[in-house]
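Inspection log for the structure reproduced underneath, given as structure tokens.
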Amino acid sequence: MKETLERIKKDKLVAIVREDSQDTAYNAAVACIEGGLKIVEITLNTGGALEIIETLCNKYPHILIGAGTALNIELANQAIKAGAKFVISPHTDKDLIEFCHNNNVVAVPGTSTPTEMMTAYNHGAQLIKVFPISNLGGPNFIKNIRGPLPHLKLIPTGGVDINNVADFFKAGVFAVGLSGALVCKEAVNTGNFDMIKRLAQEIIKNRSYAF
């Protein structure tokens, strides 16, 4: 787990891939990697998610591959067996956190409120997903949360894009999750995976403005 945490701390940008089609999801993930992103989350409600995770882990051993939308221990277990090094969920589940830690995998439970964040932290979560950040107030929400709770390592998702990514890092996030602003509908609908690659490159560039 320590190595995974260090890699997320270093690279800070998590590409989130969620698609019905297995081929589309795989090609989108590859485009993110070719665009320079080093952390990819494949959500478990993606078509062929487990196969994609296993294939990416074998083909790109230098890339950190994880699973998202893990609703229970059974799904988390399948993802870990496929090679996932971190498991993200949309909710906080004490047993799921413990299961991941017992298998030497980082758990990232989902939260929306300070109470949920502290509950996740008290259950042992080293990283905490904040979702959906666009509805919660964006970078200002993170800034306000970190006033009384500076020890929390937050990863906002659901509203991080090219234009605000630097603001999130200035607000003090540990990392960010990039979904629709990266794997965008236009690129997916047209099969233009080069667009996703270019978006990844642009997001990496914009992130650098925060440091």
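Miscellaneous remarks
- Test: residue in region 176-189 that is of a type in the set (Gly, Ala, Ser), on the phi > 0 side of the Ramachandran plot and open to solvent by 40 Å² or more (accessible area, probe 1.4 Å): no
- The condition (being outside any loop (DSSP other than H, G, I, E, B) and either open to solvent by less than 10 Å² (accessible area, probe 1.4 Å) or in contact with a helix residue (DSSP H, G or I) (Cβ under 9 Å, 6 or more places away or on another chain) (or both)) is satisfied by just one residue among 56, 37, 5, 71: 56.
- Residue in region 90-106 that is among the charged types (D, E, K, R), closer than 21 Å to residue 17 by Cβ, part of a helix (DSSP H, G or I) and modelled with pLDDT of 95 or more present: no
- Scanning region 138-156 for residues that are in contact with a Lys or Arg (Cβ under 9 Å, 6 or more places away or on another chain) and not in a helix (DSSP H, G or I) yields 152, 153, 154, 155, 156.
- Check on residue 161, surrounded by 16 or more Cβ atoms within 10 Å (Cβ to Cβ), among the charged types (D, E, K, R), closer than 30 Å to residue 51 by Cβ and over 17 Å from the mean Cα position of the chain (by Cα): no
- Residue that is more than 28 Å from residue 197 (Cα to Cα) and open to solvent by 30 Å² or more (accessible area, probe 1.4 Å), where the choices are 62, 101: 101
- Residues in region 108-125 that are in a helix (DSSP H, G or I) and within 23 Å of residue 79 (Cα to Cα): 120, 121.
- Flag if residue 4 is over 16 Å from residue 180 (Cβ atoms) and polar (S, T, N, Q): yes
- For region 127-150, the candidate set comprises residues that are open to solvent by 60 Å² or more (accessible area, probe 1.4 Å) and within 16 Å of the chain's Cα centre (by Cα); within that set, the residue that is nearest to residue 4 (Cα to Cα) is 131.
- Residue within region 65-82 that is acidic (Asp, Glu) and under 16 Å from the mean Cα position of the chain (by Cα) present: no
- Residue match in region 71-80 (condition: at pLDDT 95 or above and in contact with a Lys or Arg (Cβ under 9 Å, 6 or more places away or on another chain)): no
The values are calculated or read from the model by the stated rules, or taken from the named source; none is laboratory data. Because the structure is predicted, anything quoted here is derived from the model rather than measured. Here Cβ is always computed from backbone atoms with ideal geometry, including for glycine, and neighbour counts include all displayed protein chains. Please note that ligands, DNA and RNA were not included when accessible areas were found on the heavy atoms of the full protein model with its side chains. Shrake-Rupley method; radii C 1.70, N 1.55, O 1.52, S 1.80 Å.
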